[in-house]
């Protein structure tokens, strides 16, 4: 059974800034399983960092931008999908690399092993 660890629609990220950790609460710590990040930014220039248990899965990776129309798709907008042999604390950050404000839609999913 897949659980929704964190999500947001139109999460605002100011120019040249990085968000605080987007993951908190019940699913902040996970065990072995599969973690998947699905994301759609409002424009180019949004980067993402994701780590689990101190192991980096995405290190300031650009989030692909596919255009300003349409909705986020769980099959078309996967940024990373990784099997975890061990778990730990999840940390997720978005960074705006542009001179203007951007928004991002995202879902972070976890499927226990």
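Check whether at least one residue in the stretch 65-84 is part of a loop (DSSP other than H, G, I, E, B), surrounded by 14 or more Cβ atoms within 10 Å (Cβ to Cβ) and touching a residue at least 60 places away in the same chain (Cβ under 8 Å), and report yes or no. There is no residue in the stretch 65-84 that is part of a loop (DSSP other than H, G, I, E, B), surrounded by 14 or more Cβ atoms within 10 Å (Cβ to Cβ) and touching a residue at least 60 places away in the same chain (Cβ under 8 Å). Against the condition over 14 Å from residue 107 (Cα atoms) and either out of contact with any helix residue (DSSP H, G or I) (no Cβ under 8 Å at 6 or more places or on another chain) or surrounded by 16 or more Cβ atoms within 10 Å (Cβ to Cβ) (or both), how does residue 51 come out, does it pass? Yes: the conditions hold for residue 51. Return the pairs, sorted by first residue and then second, in which the second residue is surrounded by fewer than 14 Cβ atoms within 10 Å (Cβ to Cβ), the first residue lies in the stretch 6-30 and is free of Cβ contacts under 8 Å to residues at least 12 places away in the same chain, the beta carbons are less than 6 Å apart, and the residues are 6+ apart or on different chains. Every condition considered, no pair remains. Residues of the stretch 9-26 being closer than 18 Å to residue 80 by Cα and at pLDDT below 95, which ones? Across the stretch 9-26, there are no qualifying residues. Applying the criterion of being under 11 Å from the mean Cα position of the chain (by Cα) and farther than 24 Å from residue 14 by Cβ to the residues of the stretch 36-79, the residue that is modelled with the lowest pLDDT is 78.
The values are calculated or read from the model by the stated rules, or taken from the named source; none is laboratory data. As the structure is a prediction and not an experimental result, all values here were calculated from the model. Counting neighbours? That spans all protein chains shown, and the Cβs are built from the backbone with ideal geometry, glycine included.
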